[in-house]
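One structure below.
The values are calculated or read from the model by the stated rules, or taken from the named source; none is laboratory data. Model, not experiment: these values are computed from the prediction. Ideal geometry is used to build each Cβ from the backbone, glycine not excepted, and the neighbour counts take in all protein chains shown.
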Amino acid sequence: MSALGFNLPLRIKVTEESVQVIDNAERVIFYVYVCAEPERRQNMKCLSPAQGLAAAQIAARALTDRIEAGE
């Protein structure tokens, strides 16, 4: 387990209304809430599914790099 409290590798799981980053022990590290409908997305101030996936990928890579660097 890392100093941040989760195990590598991290993986991404896409659901209807969120993109999740999950660790090796199946714990959800964080959610990015998304909405496919443009009007609803604007009202809720959510990301599109593609934007949410991109954000989750960037964050998961940054966390992985930090852990692998021993931080």
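Couple of notes before you dig in:
- Checking each residue in the stretch 2-44 for being among the acidic types (Asp, Glu) and either over 20 Å from Arg61 (Cα atoms) or in contact (Cβ under 8 Å) with a residue 12 or more places away in the chain (or both) picks out Glu16, Glu17, Asp23, Glu37, Glu39.
- Residue under evaluation Arg27, criteria (1) loosely packed, with under 14 Cβ neighbours inside 10 Å; (2) charged (D, E, K, R); (3) over 22 Å from Asp65 (Cβ atoms), criterion not met: (3)
- Some residue of the stretch 48-60 being in contact with a helix residue (DSSP H, G or I) (Cβ under 9 Å, 6 or more places away or on another chain) and without any contact (Cβ under 8 Å) to a residue 24 or more places away in the chain: yes
- Residues (surrounded by 12 or more Cβ atoms within 10 Å (Cβ to Cβ) and at pLDDT below 95) located in the stretch 5-16: Phe6, Asn7, Leu8
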